[in-house]
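Novice: I'd like to ask some things about the structure below.
The numbers here are math on the coordinates, done by the rules we state, and not lab data. All values derive from a computational prediction rather than experimental measurement. All Cβ positions, glycine included, derive from the backbone under ideal geometry; neighbour counts span all protein chains shown.
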Amino acid sequence: MTYAIRSAQPEDGTKIIEFYNRVGGETDYLSFGHDEYSLSAESLTQVIVQMKKFKGTCMFLVIEGEEILGIGTIDSSSKPRYRHVGTLGIVISQSYTGNGLGRVLMNTLIDWAKTNGQTEKISLVTRADNERAIALYKKVGFEQEGTFYRDVYDGERYYDNLSMALYL
């Protein structure tokens, strides 16, 4: 597999929305399902434009040719007291999991955060039963900080979420 990792550009908006709406149906671990990603392509394009203005926020795409295989983000608050914390999100298409893309993308995000001049802590929230993701997070240095009990409800069952953090 030949892939590249690059920063999201405004013209990627439509493809990113299509990716999120597709992968939302591949797993129950995301905060949205198939065709449930709430931003429009136009809104996401504006988010990407604004993102370039904040040194604590980024979006990286894993691409093969024109296809998006995964997306990783770090988003920091604009509030001065919370700017040092970046919240991480990562999504890899199920058909490309198990190839090391998640780890490469995580390392890209961590390296970016270490050099942006702002981020001191990366936090994330993941479902407590998402063992594969938790194993990856621990491998790259994240530690569990807490549990949010009955934090997710899928219409039939409640799930706990874990809060994890990496101090840079």
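Novice: I'd like the FRET efficiency for Tyr29 and Arg81, computed as 1/(1 + (r/R0)^6) with the beta carbon distance as r and R0 of 25 Å, rounded to 0.05.
Specialist: Once rounded, the FRET efficiency stands at 0.25.
Novice: Is it possible to state the helix-based mean residue ellipticity at 222 nm for the chain, with each DSSP H run of 4+ residues giving -39500 (n - 2.57), the sum divided by total residues, to the nearest 500 deg cm²/dmol? What is it?
Specialist: Value at 222 nm, helices only, nearest 500: -8500 deg cm²/dmol.
Novice: Local charge sum around Ser163 (other residues, Cβ-Cβ under 14 Å, Lys/Arg +1, Asp/Glu -1)?
Specialist: -1
Novice: Quick one: which residues, 5 or more positions from Gly25 or on another chain, have an amide H under 5 Å from its amide H? H modelled 1.01 Å from N in the peptide plane, none for Pro or chain starts.
Specialist: Residues meeting the amide H criterion: His34, Asp35.
Novice: Still on this structure, please answer the following. What's the tally of Lys pairs in the range 16-168 whose alpha-carbon atoms lie under 27 angstrom apart, where the two lysines are 8 or more places apart or on different chains?
Specialist: Here the count comes out as 17.
Novice: Shape call for the range 57-152 from the C-alpha gyration tensor, a ≥ b ≥ c root eigenvalues: rounded (a/c under 1.5), prolate (a/b greater than b/c) or oblate?
Specialist: Verdict is oblate for the range 57-152.
Novice: So I have (i) 1, 8, 17, 21, 22, 18, 10, 2, 0; (ii) 1, 8, 16, 19, 18, 15, 11, 7, 3, 1, 0; (iii) 1, 8, 13, 15, 14, 11, 11, 10, 8, 5, 3, 1, 0, and one of them is P(r) over Cα pairs in 5 Å bins from 0, in percent calculated from this model. Which one is it?
Specialist: (i)
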